[in-house]
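To start, the structure itself, in structure tokens.
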Amino acid sequence: MLLQTLITGLSIGGIYALMAVGYSLVFSVLNFSNFAHGAVIMLGAYIGLGVVRFLAPSLLPAVAVAMIGAGVLAVLNERLAYSLLRRRKAPSLYLMISAMGCAVLLENLVYATIGSRFYAYPEFFATSVVTLAGSTVSLLDLFAFIFSIGAIGGLHLFLTRTKTGIAIRAGVADMTMCSLMGVNLDRLIAVVFFLAGAFAGVAGIFLGIKYLVYPTMGWITNKAYIAAVIGGLGSLPGALIGGLILGIVETLVSTYISSVYRDLFSFGLLIALLLYLPNGLLGRETGEKV
Amino acid sequence: MNYILSIVTLACINMVAVLGVAVFTGFTGLFSLGHAAFVGIGAYTSAILTYYYDAPFAPSLGAGMIVAACVSLIIGIPTLKAKLRSDYFAIAILGFGEGLRVLLENLEITNGARGLPGIEPHTTLPAVLLALALSIWGVRNFLTSRWGSACIAIREDPVAAEMAGVNLFRTRLLSLLVSAALCGLSGGLLAHYLSFIQPVMFTLVQSTMLLATVIAGGMGSISGPLLASFIFIALPEALRVAQIWRLVAYGLVLVTIVVYRPQGLMGYTELSAVLRKVFAPGKSSAPFSTTPSSPREQSTEAVPKTAATPSPSGEGEKPPLLRLEHLTKNFGGIRAVDALSLSVPEGTVYGIIGPNGAGKTTVFNLITRVYRPDEGVILFRERSLLGLAPDAIVHEGIARTFQNIRLFNRQSCLENVLTPLRQRAPYGVASAILHLPSVGRAERELKARAMELLTEMKLAAYADAPAATLPYGLQRKLEIARALAMGPSLLLLDEPAAGMNPEETRALSAHIQEIHRRFSLTVLVIEHHMDLIMRICSRIAVINFGALLAEGTPEEIRKDERVLEAYLGKGKSDHAA
């Protein structure tokens, strides 16, 4: 039973990790909580669904198109809703409000155009299972977990081994200095948002396959915040670890205590962390100069 | 007709909640994504009381308000005490709101996700209008009292607010309580209007809409959000727009306003001020000015404040007013203040000089508890300041100005000076909200004293002008006026002459000497303008790399080898300032 719980926890944890990484990436560079991240996740799920319905009924093209599509949407989102505020050096509060507005706008746009019906992905690997030491793992979950780890690992390589990646890490430390060193900030931020969007898109597809696709599914990003806070806002390895921990802990609560109060527990955990461990496990402390 | 009445009723019920969010977000500057939860608590509490216990309507509304306020304490106390930064705080409140919704969906007494039907429809339009009118009146009284002043100060500049004697935690908590109570009232009215409530009516979406209304209406205005609320509810009905598109519009409006017109409809003014400007131009008044305009005279005869006592020059007789011993502060690997020991005699003008980055402002920040020292003690009148909060230190009698001027920019000059004065006002919250006569009397006295101070500083003509519109030199004087309003015995001036030409510096020196004499102050001044320091200081301390380099009279310092080496420079000619 415990092993099964752990495996279930890890599989949803992998998806949480994907969401948290995208969210943490934007937070670490622009220092604000991108509430529109959930909407991009939702759009990724819908894009994937569209690909599967109207193009090719197989997983990899859907994932590829969703990644690119969601990435592009995220960049557009930044251009339209955040870039003017960023240039004006508006406080992060305004960026957050704008993000909130985007989230409401996009979610209800989908609601109004496509409709509130819940859609399901055709059965890919959902039904095939593998047995590991007496517990069953769905092939999809296994794939999602491995993909999550792989994607985040790939991101890590990108950030440490490529020119753009290093520029991003410099931007995380100090945006102004970065631009003084000759980095095109607009292009850099576009790349960051594209990556965040791509991750969101994949997370959306996996969520859609695991559960269902519907306009308000973006609010599961609440879990992304919690995961990111556990790991430490601004830390990418932290987002990964945070996502996995949250997935496992949630599933444990759900199995052994009560599935109804699972969300209550998660939010309580969030508040407790923000109060007592705001830097999470791997986050950094920054002070303000008076 | 019935249809229009119902729209108006719903709009007014919504306006009460919007008023609450306006107090919290618009006037105190705290972004909340969970206030719909307080609406829900008010709704469920009052509905449960009337449904299960046959309670009468008005008390059930009151109970809803009280319970909502109490619940707000549960999340408010830990999060506000922890001084979370604004987006962490918003996420915490968001989590709290969502958690509350889960709770509502799973408790027996709330009938779970199915909702509570069959609530008595007690809410009528007259009742709603009465509730709205009382709310607006109460909020207006609150915001024009010392509490409102404190909230606005926190929104404008929390650091400066603390230095004006405002307790950040208590004021923010009070603001939360008031806003939660108002939301609770709105919920109670709503429940008894719709006769049916469900947890899904009080989620993040509704919180966002409340926030959107306040932002669209204008943070810092009461009439703005009320107007926006009416527009948001009435307009879609008039255009026969479906519910879903209404939310799309909310989102779009929110993004557009934040990006292109962040001050919203009304910005920081009230509709009444705009109308006044249109119909009676010529009388300028600062946004949300709580003091009515009246003709100001530039009085050359300054009102005598205290009996002019000659500044005590005997330094050996009294114990030093301020003593620092082995004060040390590190920022990571940098030793900003290094075992600094200093003794400031009472009644002197004491100068602190040193190269840039020597740690002078850090010393001020340590004294006023912006930072906590790593080692050492700070003794004011031989009592340690170390355990005290910043606003308590202000009340002990220490006031400061800042290197980069920190005024309450959008407030008028009079308001800037009134804020610290009000923090010592003798009336309580309840008296303020009910606008008892004692409050009016106290406010008039405070206003008179504030005008006296402005007149002394020759700023009376600018009393109603927003502080940000003043020329630089006058802004500095205003900051000093605000510091004096706290009735300090020790005044800390951080580079008051920064950016001034020799003529202005001369005038400032005379001015500092004047207030030193008139208010019997001890003045501690950080400066780079040697002419000012040498002219007005009786003792000087030189700080280099965080440590005390030399200390003594101006003549001693001028000749000290080490000081010349480190700071003043060994020139060929010897210019006396």
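What follows draws every value from the coordinates through simple rules; no lab data is involved. Just so it is clear, the model here is predicted, and its values are computed rather than measured. Counting neighbours? That spans all protein chains shown, and the Cβs are built from the backbone with ideal geometry, glycine included.
Couple of notes before you dig in:
- Remark: spin-label model distance A:Leu132-A:Leu281 equals 1.7 nm, labels positioned 7 Å along the Cα→Cβ axis.
- For chain A, fraction of C-alpha pairs farther apart than 28 Å, in %: 35 percent
- The label-point distance for B:Lys81 and B:Tyr472, in a model that sets each label 7 Å from Cα toward Cβ, rounds to 4.5 nm.
- Note, ³J(HN,Hα) from phi for the range B:337-350, Karplus 6.51, -1.76, 1.60, rounded to Hz, x at Gly and Pro: 10, 10, 6, 7, 10, 8, 9, 9, x, 5, x, 8, 9, 10
- Calculated on alpha-carbon atoms, Rg and Dmax of chain B in Å: 27.6, 94
- Put the Cα centre of the range A:1-58 next to the Cα centre of the range B:49-78 and the gap is 39 Å.
- DSSP-defined beta bridges in the protein assembly as shown - what % are antiparallel, rounded to 5: 60 percent
- Dipole in debye (nearest 20) - chain B, about Cα centre, beta carbon charges: Lys, Arg +1; Asp, Glu -1: 680 debye
- Its Cα gyration tensor gives the range B:2-202 an equivalent ellipsoid. The semi-axes, each the square root of 5 times an eigenvalue, are 30, 20, 13 Å from largest down.
- Checking every one of the GluC sites (Glu not before Pro) in the range A:29-137 against DSSP loop status and a limit of 15 other Cβ atoms within 10 Å picks out A:Glu123.
- Rounded to 0.05, the FRET efficiency of the A:Met181 and A:Phe54 pair, given R0 = 51 Å and the Cβ-Cβ distance, is 0.65.
- Label-point separation in nm, A:Ile166 to B:Gln403, each point 7 Å along Cα→Cβ: 3.4 nm
- Residues of the range B:227-257 with an amide N closer than 14 Å to a point placed 7 Å from the Cα of A:Leu84 along the Cα-to-Cβ direction: B:252-257.
- Which of B:Arg406, B:Arg400 has the fewest Cβ neighbours within 10 Å, and the rest in rising order: B:Arg406, B:Arg400
- Karplus-derived HN-Hα couplings along the range B:539-546 (A = 6.51, B = -1.76, C = 1.60, θ = phi - 60°), whole Hz, x at Gly and Pro: 9, 9, 10, 10, 10, 9, 6, x
- A:Thr113/B:Val429 FRET efficiency (R0 35 Å; Cβ-Cβ; nearest 0.05): 0.10
- Counting neighbouring beta carbons within 10 Å and listing from fewest to most, the residues A:Ser179, B:Ser60, B:Ser46 come out as A:Ser179, B:Ser60, B:Ser46.
- Taken one residue at a time, the phi angles of the range A:162-175 give Karplus couplings (6.51, -1.76, 1.60, θ = phi - 60°) of 9, 4, 5, x, 5, 4, 5, 5, 5, x, 4, 6, 6, 5 Hz. Gly and Pro are set to x.
- Rounded Å value of the spacing that divides the Cα centres of the range B:443-485 and the range A:96-156: 60 Å
- Gain in span if fully extended, B:Glu108 to B:Val377, counting 0.36 nm per residue against the direct Cα distance: 91.1 nm
- Long hydrophobic helices in chain B, taken as whole DSSP H segments with a C-alpha length of 18 Å or more on their own axis and mean Kyte-Doolittle hydropathy at least 0.5: B:2-21, B:35-53, B:57-81, B:86-106, B:125-143, B:168-194, B:204-217, B:223-238, B:243-260.
- Relative contact order computed over the range B:2-202 (Cα-Cα under 8 Å; 6+ residues apart), in percent: 46 percent
- Cα centroid of the range B:363-413 to Cα centroid of the range A:218-243, whole Å: 37 Å
- Considering only B:Leu189, B:Val178, B:Tyr3, the residue lying farthest towards the positive end of the dipole of the range B:2-202 is B:Val178, judged by Cα position with unit charges set on Cβ.
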